[in-house]
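Okay, structure first, notes after.
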Amino acid sequence: MKLAYYPGCSLKGTSFEYEVSLLKILEAMNIEIKEIPDWNCCGASAAHSINHNLAIALPARNLAIAEKDGCESVLAPCAACSNRLKNADYELKNDDILKKKITDSLEMPYDSKMSINNMLEFLIGTVGKDKIKSMVKKPLSGLKVASYYGCLLVRPPKVMQFDDPENPVTMDELVALTGAEPVDYSFKTECCGAINSLSKPDVVMALTGNVLYDIKKHGADLVVVACPLCHSNLDVRQREIERKYDEKLGLPVLFITELLGLSFGIDPKDLAIDGHMVAADKVLKKIDQNI
Amino acid sequence: MSRIGVFVCWCGSNIAGTVDVEKVREEAAKIPGVVSALDYKYMCSDPGQNSLRNIIKEKNLTGVVLAACSPHMHENTFRKAAAKEGLNPYFVEIANIREQVSWVHEDKERATAKAVDLMKMMVEKVKRDKPIEDVRVPLNKKALVIGGGIAGIQAALDIANGGVEVILVEKEPSIGGRMIQLDETFPTLDCSSCIMTPKMVEANQHPNIKLYTYSEVEDISGYIGNFKVKIKKKARSVVEKDCTGCGECWNACPMHKNVKSEFNVQLSERTAIYVPFPQAVPLVPVLDRSVCLHFKKGGKCQKCYDACGPKCINFDLQDEIIEETVGAIVASTGYDLMDTSMYGEYGYGKYKDVISGLQFERLLSASGPTEGVIKRPSDGKTPQTIVFVQCVGSRDPEKGVPYCSKVCCMYTAKHAKLFAHKVHGSQSYVFYIDIRSTSKGYEEFVRGTMEQDGAIYLRGRVSKIYEDQGKLIVKGADTLSGNQVEIAADMVVLATGVIPKKGSDKLAQMLGISYDKYGFFTESHPKLRPAESSTAGIFLAGMAQGPRDIPESVVSGSAAASKILGLFSKNEYEVEGTIANVNEATCVACFYCQRVCAYNAISKKEIKDRSGKLIKVVANVNPGLCTGCGACVNACFSKSIDVKGFMDDQIYAEIKALAI
């Protein structure tokens, strides 16, 4: 089965660490993916608030290309991308009139048979727990890891059809495979403030602050995420939040792919862990001391 | 030669406003065989009926067509009027020119043309009508009530007091249903067990009631007046007639902390041999073989047997099948609470102090796990602040069900009230969407909870509940003030939505009654036949039909009972004669008709000659079950089935009338 890869803009820019670490662990596991040729923007949060048809047409084009390319399944690591792709697919499946309109304007057919996977679905479903477990060379035992899911991976539940929308556990299961200890806390799917980061940073700092302080209170050493926007809010805003609330956090925020890479024994530099704002040095040291 | 009379009704302006009734009358007069045509303002009125009767008499009519409203409305009226003049009532046909014409069309000319067509069709049909006699079915005057909750008990008592024998079947070890689990009841706060136990005892002691507890209906066949019922009496392992209910056996059972009590909704433990609660009826324990050491460990433990004075414990007892024949059935299987696992954000199951409304009832109850003292399940401390969340699962099409569970507004108000009465200085908060308190005394009751008992009502939904330093933090919206609120509570009570009892869909299939997409049994007519199911002889009561409170359940139990007593007041049941009829000479015994029959009305009939030799097998229609729907007629390859009153030649004649 050919696996299509839809990187989206984040993985090629602000969240390059996500792509670097993803490609690295896939290489280690000997899994091939094929980047969708001539892919375009998924529409993200902008298109669907302006033009419904455009918000469907943009992701639909990517899906149609992948389908033409002979792929049956697509991996979209960015939570916003997978959300938009799934939304478009859902609407096209359930609305024949819309489907005709969109495929006509794209001048491409789309069969609606593509299986769309977010990062976690891909790792648990396509790769499989056994495979991942067999790859762990450097168990992260003693490390307490909080999984933060945010909103886009699970909502709306009817469309996403992924995990328990209020109490997801998939990422915690992946964390457990690395030998680290998953930390249970209360704000797994609370809003991080998302795109308001640019227009209303105060709101984002309050919301992201709630999440981070709750994680800290539950004793985590670090946070893992599977969404570039979550990552950006939790990582980039962290210093400001500490200053605003006058309380230290010091929580490194890693992508799930980076955490898996570490447990596979891949060099942190090759996983671009040094690309984050909150340094992960302490955590890396802890991992090294385990061996 | 046919002598047909056509009567065109104006229905005031209902029909005459859109249909040119005079034109319809004129057209009718032109049809060969029509000897009288008349139009009148209200055919259903007394003068209307009288003119119908007079003309039947004067013109010696052989058939009558009424161009009027739907046959659902007045077919019976006109049939009865015709019958009084000696005409077979099935020689009355209705052309529906109201619901099918005047109410749905605007163009008068075209509506009139359609009305004329419909009238012509019926004239051709009535010319070919044959006399039909109604079918009489003998009645076995005995009733079966399935489910011994308040609705079922009420139905059983009313039927029994009417002098009719009743079999009451209950799945659980004791009758009493959900009501006996409740503490006090709204809006009068009388204690549930105080008003329920007398009824339970009465049902147990009534000479006309045969009670089967710990039993289930296995199979039902037959039809109104003659249902054959198989009841499985599960092995109780205790000989009922010898047991005194002394309790030595359950006191001796070593399995005393291992099994969660179903009656106390998982809040306490029970033994393997147990009675669900002290006032159980009958007060005879049941040995739960799935957990009993005797059955799990090869017969070693027999402590209950040793402790039993009258030696009535018998490990060898087997399930027993009891067969009964009854004339009517009441289905009153009750309800369950929804599983709230889809509300991960409320943490039910994760946080011990987030409990359901039914669990709170058990905490309030003197026979409950805390003997009526409100204590948190986590640490046994008495909570000072409780948040009640209404509509958990109800009115939530996304995650739960779209319907309102009806009782939660009231029992939540009751909970908050009783909490204030039992824990002085405490505070409760209630999150609600709307407050539905429409019965007698209900609104005053809720007001009292707010005003006298100080419960703070917040209109909005709860988004999240999480634990923080021993408190449950409840985050929600107060939509009236527009604020987000956060309440630190000691305990949270979820008013979980109600759903039909597990397995009630299977029972409905066994009974051949219809149920809605949620599994609630459907009434024959939601307004005018609320106690009847879609199948003759089967009646409905209680929450199995949909959410309702205790008074309504009692009313529905009594309604079902009175319907049955009414039915049994005659010796035979009359069924409309328009049912399927098999031509045995041409039937080829393929039994496609049997496969399509939704009412199990078709069986195989053997035709034998005088010496008893089998000549052929044919389809046979059970008049007690057949509704005359006609599905078998369509399925029959050899054209051997017709529905009386809707014969092929009649239908063809109707179609031809349209074409001419």
Matching residues in the stretch B:509-531 - criterion: being under 14 Å from B:Gly546 (Cα atoms) and either among the acidic types (Asp, Glu) or touching a Phe, Trp or Tyr at 6+ places or on another chain (Cβ under 8 Å) (or both): B:Ser514, B:Tyr515, B:Asp516, B:Tyr518, B:Phe521, B:Thr522, B:Glu523, B:Ala531
Test: residue in the stretch A:201-217 that is outside any helix (DSSP H, G or I), modelled with pLDDT under 95 and out of contact with any Lys or Arg (no Cβ under 6 Å at 6 or more places or on another chain): no
Filter result for the condition that a residue is under 30 Å from A:Pro268 (Cα atoms) and without any contact (Cβ under 8 Å) to a residue 24 or more places away in the chain, over A:Gly8, A:Gly13: A:Gly13
Residues of the stretch B:390-406 satisfying the condition of being buried (at least 23 other Cβ atoms within 10 Å of the Cβ) and either more than 14 Å from chain A (Cβ to nearest Cβ) or without any contact (Cβ under 8 Å) to a residue 12 or more places away in the chain (or both): B:Gln390, B:Cys391, B:Ser394, B:Ser405
Matching residues in the stretch A:147-169 - criterion: being away from every other protein chain (no Cβ under 14 Å) and not in a loop (DSSP other than H, G, I, E, B): A:Ser147, A:Tyr148
Residue match in the stretch B:382-395 (condition: assigned to a loop (DSSP other than H, G, I, E, B), under 30 Å from B:His256 (Cα atoms) and either in contact with a strand residue (DSSP E or B) (Cβ under 6 Å, 6 or more places away or on another chain) or modelled with pLDDT under 95 (or both)): yes
Subset tally (residues that are under 16 Å from A:Asn40 (Cα atoms) and of a type in the set (Ser, Thr, Tyr)) for the stretch A:77-95: 1
Entirely in the stretch B:209-310, the strands (runs of 3 or more DSSP E) that have 2 or more residues that are not assigned by TED's automatic domain parsing to the domain that holds B:Leu507: B:226-233
Residue within the stretch B:580-600 that is among the β-branched types (Val, Ile, Thr), in contact with a Phe, Trp or Tyr (Cβ under 9 Å, 6 or more places away or on another chain) and surrounded by fewer than 20 Cβ atoms within 10 Å (Cβ to Cβ) present: yes
Residue match in the stretch B:620-631 (condition: of a type in the set (A, V, I, L, M) and surrounded by fewer than 16 Cβ atoms within 10 Å (Cβ to Cβ)): no
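For every residue, the table says whether it meets (1) within 36 Å of the chain's Cα centre (by Cα); (2) among the β-branched types (Val, Ile, Thr); (3) within 14 Å of another protein chain (Cβ to nearest Cβ).
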site: B:Gln469; (1), (2), (3): no, no, yes
site: B:Asp478; (1), (2), (3): no, no, no
site: B:Ala489; (1), (2), (3): no, no, no
site: B:Asp505; (1), (2), (3): yes, no, no
Residue satisfying condition, being in a strand (DSSP E or B), without any contact (Cβ under 8 Å) to a residue 60 or more places away in the chain and either out of contact with any Lys or Arg (no Cβ under 6 Å at 6 or more places or on another chain) or of a type in the set (S, T, N, Q) (or both), within set B:Ala585, B:Ala589, B:Ala619: B:Ala619
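Listed here are the residues, each with its yes/no results for (1) in contact with a Gly (Cβ under 7 Å, 6 or more places away or on another chain); (2) within 14 Å of chain A (Cβ to nearest Cβ).
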| residue | (1), (2) |
| --- | --- |
| B:Val423 | no, no |
| B:Arg436 | no, no |
| B:Gly441 | no, no |
| B:Thr449 | no, no |
| B:Ile456 | no, no |
| B:Ile465 | yes, yes |
| B:Ile473 | no, yes |
Close pairs from the stretch B:338-363: first within 14 Å of chain A (Cβ to nearest Cβ) and buried (at least 20 other Cβ atoms within 10 Å of the Cβ), partner among the polar types (S, T, N, Q) and not in a loop (DSSP other than H, G, I, E, B), Cβ under 6 Å, at least 6 apart: B:Thr340/B:Thr496
Among (1) touching a residue at least 60 places away in the same chain (Cβ under 8 Å); (2) surrounded by fewer than 19 Cβ atoms within 10 Å (Cβ to Cβ); (3) more than 30 Å from B:Ile473 (Cβ to Cβ), the one test that B:Lys381 misses: (3)
Within the stretch A:91-126, tally of residues that are surrounded by fewer than 21 Cβ atoms within 10 Å (Cβ to Cβ) and over 16 Å from A:Glu72 (Cα atoms): 16
Matching residues in the stretch B:417-464 - criterion: being at pLDDT 95 or above and in a strand (DSSP E or B): B:Gln427, B:Ser428, B:Tyr429, B:Val430, B:Phe431, B:Tyr432, B:Ile456, B:Tyr457, B:Leu458, B:Arg459, B:Val462
Criterion: farther than 21 Å from B:Lys230 by Cα, over 21 Å from the mean Cα position of the chain (by Cα) and surrounded by fewer than 24 Cβ atoms within 10 Å (Cβ to Cβ) - qualifying residue of B:Val137, B:Val123: B:Val137
Residues satisfying the stated conditions in the stretch B:311-337, i.e. in a loop (DSSP other than H, G, I, E, B) and either in contact (Cβ under 8 Å) with a residue 12 or more places away in the chain or within 13 Å of chain A (Cβ to nearest Cβ) (or both): B:Lys311, B:Cys312, B:Asn314, B:Phe315, B:Leu317, B:Gln318, B:Asp319, B:Gly327, B:Ser332, B:Thr333, B:Gly334
Selection within the stretch B:247-302 - surrounded by fewer than 21 Cβ atoms within 10 Å (Cβ to Cβ), without any contact (Cβ under 8 Å) to a residue 24 or more places away in the chain and touching a His at 6+ places or on another chain (Cβ under 8 Å): B:Glu269, B:Lys300, B:Gln302
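The values are calculated or read from the model by the stated rules, or taken from the named source; none is laboratory data. Computed from a predicted model, the values in this text were never measured in an experiment. With ideal geometry, Cβ positions are generated from the backbone for all residues, glycine too; neighbour counts draw on all protein chains shown.
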